[in-house]
Amino acid sequence: MLSRSSFTSLVVGVFAVYVAHTCWVMYGIVYTRPCPAAADGAAGGCVWPYLARRPKLQLSVYTTTRSSIVAESNIDLVLNVKDFDIESKFERTVNVFVPKKTRNNGTLYAYIFLHHAGILPWHDGKQVHIVSPLTTYMVPKPEEINLLTGESATQQIEAEKQTNALDEPVSHWRSRLTLNVMVEDFVFDGSSLPADVHRYMKMVQLGKTVHYLPILFIDQLSNRVKDLMVINHSTTELPLTVSYDKISLGKLRFWIHMQDAVYSLQQFGFSEKDADEVKGIFVDTNLYFLALTFFVAAFHLLFDFLAFKNDISFWKKKRSMIGMSTKAVLWRCFSTVVIFLFLLDEQTSLLVLIPAGIGAVIELWKVKKALKMTITWQGLRPKIQFGTYNDSEKQTEEYDAQAMKYLSYLLYPLCIGGAGYSLLNVKYKSWYSWLINSFVNGVYAFGFLFMLPQLFVNYKMKSVAHLPWKAFTYKAFNTFIDDIFAFIITMPTSHRLACFRDDVVFLVYLYQRW
């Protein structure tokens, strides 16, 4: 059986192999091997870019309620860019007519054609086109109200109507359409075309050579939840912002893989909002910073695993609470559970919610160990028994109670005052939402005060040897990594500030150890 050190070494080794494999895969995505024969001017086996001929092009955007079209019938032209220059970036906002079928929870599609100038798309044999839905289905966000002032009767009736349909997804308008064309005059090797780009390529035979037509791409990662608009029955026109920019082959391949990854997350049960958080990491972040984020996230997972492993191992062997603040353990459990319920109520990204849920379960188990609880079942009824403390543990409890006594004079008035202020001035979805928000604001704003009993116990006993320092070290690394994620992943502002609050707590622990 593997020892703990051997198991840790194995995990670190697997992690190093994973990072090296990821680097190799990323290199394979951004670097594409050109056709060897192209360097000699030979055409055999190579696929040449049609854009190298510098044709005059036109960009046309149509809308229709049908998912496939064969001719120009029942379609609307919303944008026509003559003398389209693939090197020039632009952004235009147009008003799009919304058919009755779409207003009744239907779908509207955009057909984007890139074709020769002066020729209609259906008469051009060398046109390329791509289809994208301009609508998506989402459950609308519940309305927030002032819990004390209430609403008028008319508002209540409207709110009840909305509440009844709250769980039903409705059509939302995607107000942005981001287009790209791959502009590199890259010569592909016909025998080893990249599978990711191949599905976007259309080939034509011109004489003895094979050419690929312009590669048109829709950046779906730019479609964010914050840009969505609910489609009302009375809405006949909606704005659509069409933006265009050129794209390199390496970035195109990378973007295709990222879009496929986001789609896979949705197939595995991630909601539109969860997928949107992942999109935000890619779209709102510089590519170099994004690469750094990948490595930081990998190390975060490693330290999370090692911290959980060492924390569980420490508490599993723990038989005495000498030098350990029971109040701090109880508070940490309460605060972790409250934070989890708050994140759940705020519909936070699963990237934040899942680790918080796992942490809450572990903290509940630690409370059971700290209170020396034993649970026995008498039929379907559980019987809970608490263990006894020895003299040394009772002395620790006295220090713990002394610290909590002084803290209560400061903490309770602040929490009650904050809850009353938010009830008067802030709108909430329900009383439950106000209660959870009040608890979590107290946890975030003054939660570090509940770490003071442990610091006080350490000071009185002149020792920190009883603390799980291995787990603390890994958690300290993760705390500083969380500071980076606080600016990348969408989360409530109070949760973001709490990441920086934890830095102070760990620094005080390190000072005491010194």
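Quick notes on this one:
- The range 67-125 - percent of accessible surface contributed by carbon and sulfur, probe 1.4 Å: 46
- Packing-based ranking, highest mean first, of 314-320, 396-402 given that Cβ atoms within 10 Å are counted: 396-402, 314-320
- Zone of S222's modelled label, taken as backbone nitrogen in the range 87-111 under 19 Å from a point 7 Å along Cα→Cβ: 87-96, 109-111
- Highest average first, the peptides 221-227, 181-187 ordered by how many other beta carbon atoms sit within 10 Å of their residues are 181-187, 221-227.
- Where the range 178-240 is the region considered: accessible area per residue in Å², 1.4 Å probe: 45
- Annotation: peptides 244-257, 120-133, 84-97, ranked by per-residue average of other Cβ atoms within 10 Å with the highest first, follow the order 244-257, 120-133, 84-97.
- 25 Å Cα-Cα reach of K317 towards lysines, excluding residues that sit fewer than 8 places from it in its own chain: K309, K327, K366, K368, K369, K372, K383, K394, K460, K462, K470, K475
- Taking 0.36 nm per residue of separation and subtracting the Cα-Cα distance, full extension of the segment from N105 to Y389 would add 95.8 nm.
- Euclidean distance of C-alpha centroids, the range 342-403 and the range 7-28, integer Å: 35
- Added length on full extension, which subtracts the Cα-Cα distance from 0.36 nm per residue, S73 to S234: 55.5 nm
- 19 Å reach of a label modelled at I130, 7 Å along Cα-to-Cβ, counting backbone N of the range 216-232: 216-225
The values are calculated or read from the model by the stated rules, or taken from the named source; none is laboratory data. Please read all numbers here as calculations on a predicted model, not as lab measurements. Glycine also receives a Cβ, built like all others from the backbone with ideal geometry; neighbour counts cover every protein chain displayed. Side chains are part of the model used for accessible areas, which takes the heavy atoms of the whole protein and leaves out ligands, DNA and RNA. Shrake-Rupley method; radii C 1.70, N 1.55, O 1.52, S 1.80 Å.
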